[in-house]
Ligand code: SPD
């Protein structure tokens, strides 16, 4: 007869691969496999990625649970293997040691619920048995794995299936395609959400159409970044556009989106598009002055390869490359999530284009932290964007192209800002 109700192995895995220690989907997969390999029946799993790094998670099994907390910066994982019955949790231990690449480890095995210390209650358990018989465990275990886009203080999390459809460390960033439950497939660069199947239109329609409906005779457009292809797709809806040059630094982003997000990467074969896998910052240093009607900077956040897309030098080069009545539209960050980058970019654009020539367009994206995001403009000539001269034309275009965010009312209010945002970017 067993002398205890459960067995608990407390494990210290040390000198593990730090990248694995920060990879919520890999850890979830390994923990579930560790349980299954030892013959456990998995009921569900919950795993979270924490700020700035680290993963915590639990796999609930019929035989109790496996839990983990990781500290990638120390290459360390604290793991609890708690089991009841005949399951041999040392099989789980061996599996995890292997998966995590743990160069050293220690383990402490404890009996839990020693029968010498506890007493069985003498009560009628018939109703408990009945309840237990009614309870049906799901046929397949449920997974609860979350992707979190965050800074030190706030975050946005999306639950995803746990399967990673594309995962490549490019020379610039980690490029992943994950599948979220609510928003479909999602492109993530490092740990930031870039775009998702279900809400990409918010971003791509708003980065393109307000400017293009203000430049009815525009012919030549430059896109810096935009590797998923959504911005090029929207720009190319405008029949007056003769040529689009797109300069994306990371070929892996293009590859990932061509394979997994074909509705976004829909126009890469359009003969009007010249696609260059190159550094957009360098490209603009050598661009012909006065050559573009519209420059769109569809970059990611100001960390990693996109940092230079927030510099004075870069926007000075954009200004020079624009025609005299040209417009610049740049991914402008969020006044709620990264206020500093938002304000600094606006000051840069005010300095280069003029105090009244750097308006901001706010729009809503559910999958970016805080949901409130912006495009920041630089207007080189005297164009007034939010004056709707072509209402019918916009209505016709919206209906013909099946747009789902942009319309003539939004156009008329492109630069409407809440008071707190006006205050943030008040001209000094
Ligand atoms: N935090 C997200 C910043 C937006 C980055 N660009 C998205 C690319 C969509 N084409």
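The values are calculated or read from the model by the stated rules, or taken from the named source; none is laboratory data. Predicted model, so just to flag it, every value in this text is computed and none were measured. Positions of Cβ are backbone-derived with ideal geometry, glycine not excepted, and every protein chain shown enters the neighbour counts.
Scan 357, 380, 400, 391 and give me the residue that is touching a helix residue (DSSP H, G or I) at 6+ places or on another chain (Cβ under 7 Å), farther than 17 Å from residue 299 by Cβ and at pLDDT 95 or above. Give the derivation first.
Values: 357 fails: touching a helix residue (DSSP H, G or I) at 6+ places or on another chain (Cβ under 7 Å); 400 fails: touching a helix residue (DSSP H, G or I) at 6+ places or on another chain (Cβ under 7 Å); 391 fails: at pLDDT 95 or above.
Among 357, 380, 400, 391, only 380 is touching a helix residue (DSSP H, G or I) at 6+ places or on another chain (Cβ under 7 Å), farther than 17 Å from residue 299 by Cβ and at pLDDT 95 or above.
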Worksheet, complete the sentence: Output for Cβ contacts, cut-off 6 Å, separation at least six or different chains, first residue within 11 Å of residue 263 (Cα to Cα) in segment 190-204, second part of a helix (DSSP H, G or I) and near the ligand (Cβ under 7 Å from one of its atoms), reads 200/230
Discussion item. I'd like the full set of residues that are surrounded by 17 or more Cβ atoms within 10 Å (Cβ to Cβ) and part of a loop (DSSP other than H, G, I, E, B), limited to segment 408-428.
Written reply: 414, 417, 425
Item to complete: Having 1 or more residues that are at pLDDT 95 or above and in contact with a helix residue (DSSP H, G or I) (Cβ under 8 Å, 6 or more places away or on another chain) is the bar; report the strands (runs of 3 or more DSSP E) wholly within segment 13-77 that clear it.
Response: 55-61, 64-71
Worksheet item: Does residue 148 meet the test of being free of Cβ contacts under 8 Å to residues at least 60 places away in the same chain, under 30 Å from residue 187 (Cα atoms) and touching a strand residue (DSSP E or B) at 6+ places or on another chain (Cβ under 8 Å)?
Response: no
Item to complete: Mind listing whichever residues of segment 381-407 are without any contact (Cβ under 8 Å) to a residue 12 or more places away in the chain and not in a loop (DSSP other than H, G, I, E, B)?
Response: 392, 396, 398, 399, 400
Response to the item:
(1) more than 10 Å from the ligand (Cβ to nearest atom); (2) at positive phi; (3) touching a helix residue (DSSP H, G or I) at 6+ places or on another chain (Cβ under 8 Å); (4) modelled with pLDDT of 95 or more all hold for residue 229 apart from (1)
Item to complete: Considering only segment 104-133, state which residues are surrounded by 10 or more Cβ atoms within 10 Å (Cβ to Cβ) and modelled with pLDDT of 90 or more.
Response: 104, 105, 107, 109, 110, 111, 112, 113, 114
Discussion item. Testing residue 251 on (1) away from the ligand (no atom under 15 Å from the Cβ); (2) without any contact (Cβ under 8 Å) to a residue 40 or more places away in the chain; (3) closer than 30 Å to residue 146 by Cα, one condition comes back false. Which one is that?
Written reply: (2)
Worksheet, complete the sentence: Scanning segment 332-350 for residues that are buried (at least 22 other Cβ atoms within 10 Å of the Cβ) and free of Cβ contacts under 8 Å to residues at least 24 places away in the same chain gives none
Practice prompt. Would you mention how many residues in segment 173-189 are away from the ligand (no atom under 11 Å from the Cβ) and either without any contact (Cβ under 8 Å) to a residue 12 or more places away in the chain or in contact with a helix residue (DSSP H, G or I) (Cβ under 7 Å, 6 or more places away or on another chain) (or both)?
Written response: 4
Fill in: Test: residue 327 is over 26 Å from residue 197 (Cβ atoms), touching a strand residue (DSSP E or B) at 6+ places or on another chain (Cβ under 7 Å) and at pLDDT 95 or above
yes
Practice prompt. Go through segment 207-223 and give me each residue that's within 11 Å of the ligand (Cβ to nearest atom) and either under 19 Å from the mean Cα position of the chain (by Cα) or not in a helix (DSSP H, G or I) (or both).
Written response: 207, 223
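Could you pull out the residue among 295, 264, 259 that is modelled with pLDDT of 95 or more and part of a loop (DSSP other than H, G, I, E, B)? Give the derivation first.
Working: 295 fails: part of a loop (DSSP other than H, G, I, E, B); 259 fails: part of a loop (DSSP other than H, G, I, E, B).
So the residue among 295, 264, 259 that is modelled with pLDDT of 95 or more and part of a loop (DSSP other than H, G, I, E, B) is 264.
Being part of a loop (DSSP other than H, G, I, E, B) and either in contact with a helix residue (DSSP H, G or I) (Cβ under 9 Å, 6 or more places away or on another chain) or closer than 13 Å to residue 211 by Cα (or both) is the filter here; which residues of segment 368-377 pass it?
Initially, segment 368-377 is screened for residues part of a loop (DSSP other than H, G, I, E, B), giving 368-371.
The answer is 368, and nothing else.
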Response to the item:
Being within 15 Å of the ligand (Cβ to nearest atom), closer than 20 Å to residue 220 by Cβ and in contact (Cβ under 8 Å) with a residue 40 or more places away in the chain narrows 244, 297 down to just 297
Discussion item. Looking only at segment 306-341, count every residue that is in a helix (DSSP H, G or I), closer than 18 Å to residue 151 by Cα and away from the ligand (no atom under 12 Å from the Cβ) and tell me the total.
Written reply: 3
Worksheet item: Just wondering, is there one or more residues in segment 284-292 that are crowded, with 21+ Cβ neighbours inside 10 Å and away from the ligand (no atom under 15 Å from the Cβ)?
Response: yes
Worksheet item: Between a first residue in segment 108-130 that is outside any helix (DSSP H, G or I) and a second residue that is modelled with pLDDT under 90, which pairs have beta carbons less than 7 Å apart while being 6 or more apart in sequence or on different chains?
Response: 111/3; 114/3; 115/3
